[in-house]
Amino acid sequence: MEQIRRILIVGGGSAGWMAAALLAKLFQGLYQITLIESEEIGTIGVGEATIPAIKKYNDLLGLDENDFLRRTQGTFKLGIQFVDWLRQGSSYIHGFGVIGQDLGWLRCHQYWLKMHGLGRASDFAAYSINTAAALEDKFRRADPKMAESPIGHIANAFHFDASLYAKFLRGFAEERGVIRREGKVVDVALRTDGFVESVTMADGEALEADLFVDCSGFRGLLIEQAMATGYEEWTQWLPCDRAIAVPCARSAAFTPYTRATARSAGWQWRIPLQHRTGNGHVYSSRYVDDAEAERVLLADLDGEQLAEPNRIRFVTGKRRRTWNRNCVAIGLAAGFLEPLESTSLHLIQSAIIRMVRLLPDARFDPATIAEFNRQTDFEYERVRDFIILHYKATERSDTPFWRYCRDMEVPDTLRRKIDLFAANGRIFREDEELFAEESWIQVLLGQGVIPRGYDPLVDIKSEAQIGQYLGNIERVIRKCVDLMPTHADYVARTCPA
Ligand SMILES: Cc1cc2nc3c(=O)[nH]c(=O)nc-3n(C[C@H](O)[C@H](O)[C@H](O)COP(=O)(O)OP(=O)(O)OC[C@H]3O[C@@H](n4cnc5c(N)ncnc54)[C@H](O)[C@@H]3O)c2cc1C
C-alpha cells in the first residue's frame with residue numbers, strides 16, 4: 001500500500017500552527033511537514049475566547065497549562081454572559097459544565113421548571129457552579145478528587161492572545177521538525193484529475209506534496225481560488241457580515257467569562273486577558289454603517305483604547321466540501337461562524353483530529369473523504385443552529401435588525417429543537433453534536449423559551465422533596481463559591497504572565 005509522505009500546510013495563523021503542532025506531535029517524524037506563511041499578508045489577528053474542549057487539544061500536545069497561560073497572557077473562562085439579547089436590560093450566563101445534579105431519570109431543570117412555575121425556585125443561575133461563581137468573579141479549577149462536590153465539576157475554557165498562542169505553537173512545531181517557509185504563494189498547479197500538484201512561491205520555487213492543508217484564511221487559496229469547491233452561505237439566518245476589533249487597557253472588572261452584549265444591529269464582545277481587554281463589534285452592514293458601528297464600539301470600552309481598530313468582513317457559511325481531493329481546508333479557509341459561542345478555534349481543533357482519524361493513503365479513497373465531509377457538515381450545521389437560536393428567540397423588536405431576526409424562518413433542525421423544548425422542556429443531544437443539553441437548556445431559557453409544561457415524571461416526587469432537592473443544590477453551590485478565590489487572585493497565584 002502506497003502511503004503519503006509529504007504534508008504541506010499553507011498558512012500560519014491559528015489554524016496553520018495548530019495543525020502543524022498537533023501533526024508533528026502525533027506523527028513523530030513519519031511525514032515531512034512543511035508550513036508556508038507570509039509575514040507581508042499577516043493573519044486575521046483576532047480569536048481570543050474558547051470553549052472547554054481546547055483543554056483536550058493542549059493535553060494532546062502535552063502542554064503545561066500554567067505555562068501556556070503565562071505565555072499567552074491567558075485567563076480563565078467559566079462561560080459567556082449574554083446581555084440585552086432577550087430584551088434590553090436582560091442578562092443570563094451560558095455556563096459550561098453540569099447544572100445541579102440529575103435526580104432519577106430527569107435533569108435538574110425539569111424540577112426547576114415545576115417549582116419556578118409555582119414561584120418557589122431561585123434564578124436558574126443558582127444551580128450551576130460555573131454561573132454562580134462567574135457572577136461573583138470567582139474562580140478555581142475543578143478538583144477531580146472531589147467528584148461528590150460541585151468543585152469536582154467546574155468546567156473551564158480560556159481567554160488568550162491568539163497571536164501569542166500561534167507563536168508558541170510555532171516554536172513547538174519547529175522543535176519537532178516542521179519546516180517553516182516564509183513567503184507568498186503566487187500560484188497553485190493542479191493535475192489533470194484536479195488534485196493539487198504544487199504551489200509556487202514568489203521566488204519561483206514550486207513546492208510539491210501529497211496532502212495539502214489549506215489554512216490560508218478567508219481567501220481559501222487552494223480549496224476555492226484554485227479548486228473552485230464552492231461555498232454555502234448562511235447569511236439568511238446569520239445576517240452579520242462585518243466586525244471591528246480593538247483592544248483596550250485592562251480594567252478592574254477581571255471577569256472569568258466572555259461578555260456578549262446585543263446592539264441595535266449585532267453584538268459586542270468583551271474578553272479580559274492579563275495584559276489587556278479584547279473588544280469587538282460584530283454587525284450587519286445592511287442595518288448599520290461602519291462609522292456608526294465603530295462609534296458604538298469605542299463608546300463602550302472600559303479602558304484606554306490601545307490600538308487602531310481592525311476592520312474585518314466575512315460571509316457566514318462553509319465550503320461545500322472542506323476536503324476536496326488531496327486538499328483539506330481548516331480554519332477560516334473552511335468556513336466561518338461568528339464568534340458568539342467562541343467556536344472557531346474548536347472547529348479548527350476538531351478538523352485536525354478528524355483529519356488524523358481519517359488520514360488517507362496515496363489512493364485518497366473517496367469514502368474516506370466523504371466521511372470527513374459528512375462529519376464536518378454535521379458539526380458546522382449544529383453549531384450554526386445553536387448560534388441562530390440566540391437571534392431567533394428574542395422579544396426584541398426595537399430595530400429593523402431585531403425584527404428581521406425574530407421573524408425569520410430557521411432551519412428545520414433548529415425549529416424541531418425549539419418546539420420540543422417549548423412543549424415539555426426536553427432536549428436531546430444529537431450524536432456527537434458539539435453543544436450538550438446543558439448548553440441548549442441555558443440558552444433556550446435565557447432567550448425566553450419557557451416550556452409550557454414539564455416532564456410528567458417530575459410528579460413522582462412531592463413538592464416538599466423537590467424543594468429540598470433544589471434547596472440542597474443551591475446551598476452547596478453557594479458554600480463552594482464562598483470559599484473560592486477571586487479570578488484575579490487565582491491568576492496572580494497560578495499563572496501570572
Ligand atoms: C471578528 C472575529 C472574531 C473572532 N473571535 C474568535 C474567538 O473569540 N474565538 C475563536 O475561537 N475564534 C474566533 N475567531 C476565529 C479565529 O480568528 C480564526 O478561526 C483563527 O484565527 C484562524 O484563522 P486562520 O488561521 O484560519 O486564518 P488567518 O489568521 O487569516 O491566517 C491565514 C494565514 O495564511 C497565510 N496566507 C494567506 N495567503 C497566503 C499566500 N498567498 N501565501 C502565503 N501565505 C498566505 C497568511 O499569511 C496567514 O499566515 C474570530 C474571527 C473573527 C473574524
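Under the condition of being closer than 29 Å to GLY230 by Cα, open to solvent by less than 40 Å² (accessible area, probe 1.4 Å) and either away from the ligand (no atom under 12 Å from the Cβ) or aromatic (Phe, Trp, Tyr) (or both), the residues counted in region 275-321 number 7. In region 245-256 there is at least one residue matching the filter, namely being within 23 Å of the chain's Cα centre (by Cα), among the small types (Gly, Ala, Ser) and modelled with pLDDT of 95 or more. Answer yes if at least one residue in region 203-224 is within 15 Å of the ligand (Cβ to nearest atom), under 24 Å from the mean Cα position of the chain (by Cα), surrounded by fewer than 19 Cβ atoms within 10 Å (Cβ to Cβ) and not acidic (Asp, Glu), and no otherwise. Yes: one or more hits.
If the condition is being open to solvent by 20 Å² or more (accessible area, probe 1.4 Å) and within 16 Å of VAL213 (Cβ to Cβ), then region 322-344 contributes ARG325, LEU332. Looking at region 1-110, the strands (runs of 3 or more DSSP E) lying wholly inside it that each contain 1 or more residues that are open to solvent by 10 Å² or more (accessible area, probe 1.4 Å) sit at 6-10, 32-37, 79-83, 91-95.
Within region 468-483, the residues that satisfy the criterion of being closer than 19 Å to TYR257 by Cβ and in contact with a helix residue (DSSP H, G or I) (Cβ under 6 Å, 6 or more places away or on another chain) are ILE477, CYS480, VAL481.
Kindly indicate whether any position in region 182-196 is within 14 Å of the ligand (Cβ to nearest atom), crowded, with 18+ Cβ neighbours inside 10 Å and among the charged types (D, E, K, R). No, there is no match, as no residue in region 182-196 is within 14 Å of the ligand (Cβ to nearest atom), crowded, with 18+ Cβ neighbours inside 10 Å and among the charged types (D, E, K, R).
Applying the criterion of at least 3 residues that are aliphatic (A, V, I, L, M) to the strands (runs of 3 or more DSSP E) found wholly in region 209-259 leaves 242-248. Each residue in region 119-154 was checked for being part of a loop (DSSP other than H, G, I, E, B) and open to solvent by 20 Å² or more (accessible area, probe 1.4 Å), and 15 pass. Go through the residues of region 323-336 one by one and say whether even a single one is more than 10 Å from the ligand (Cβ to nearest atom) and polar (S, T, N, Q). Yes, region 323-336 contains a residue that is more than 10 Å from the ligand (Cβ to nearest atom) and polar (S, T, N, Q).
Here LYS417 clears all of (1) outside any loop (DSSP other than H, G, I, E, B); (2) within 23 Å of TYR287 (Cα to Cα); (3) out of contact with any Pro (no Cβ under 9 Å at 6 or more places or on another chain) except the condition numbered (2). Answer with yes or no whether SER128 is touching a residue at least 40 places away in the same chain (Cβ under 8 Å) and either within 18 Å of the chain's Cα centre (by Cα) or within 16 Å of the ligand (Cβ to nearest atom) (or both). Criteria not met by SER128.
For region 20-42, the tally of residues that are small (Gly, Ala, Ser) and either over 13 Å from GLU175 (Cα atoms) or at pLDDT below 95 (or both) stands at 3.
The set of residues in region 431-451 that are of a type outside the set (A, V, I, L, M) and outside any helix (DSSP H, G or I) comprises ASP431, GLU432, GLU433, PHE435, GLN447, GLY448, PRO451.
Looking only at residues in region 165-179 that are surrounded by fewer than 17 Cβ atoms within 10 Å (Cβ to Cβ) and within 16 Å of the ligand (Cβ to nearest atom), the one that is nearest to ILE271 (Cα to Cα) is LYS167.
If the condition is being in contact with a helix residue (DSSP H, G or I) (Cβ under 7 Å, 6 or more places away or on another chain) and not basic (Lys, Arg), then region 283-328 contributes TYR283, SER284, TYR287, GLN305, PRO309, PHE314, THR322, TRP323, ASN324, CYS327, VAL328.
The values are calculated or read from the model by the stated rules, or taken from the named source; none is laboratory data. The model shown is predicted, which means the values in this text are computed figures rather than measured ones. Cβ coordinates were reconstructed from backbone atoms using ideal geometry, including for glycine residues, and neighbour counts include every protein chain displayed. All accessible areas refer to the heavy atoms of the entire protein, side chains included, with ligands and DNA or RNA removed. Shrake-Rupley method; radii C 1.70, N 1.55, O 1.52, S 1.80 Å.
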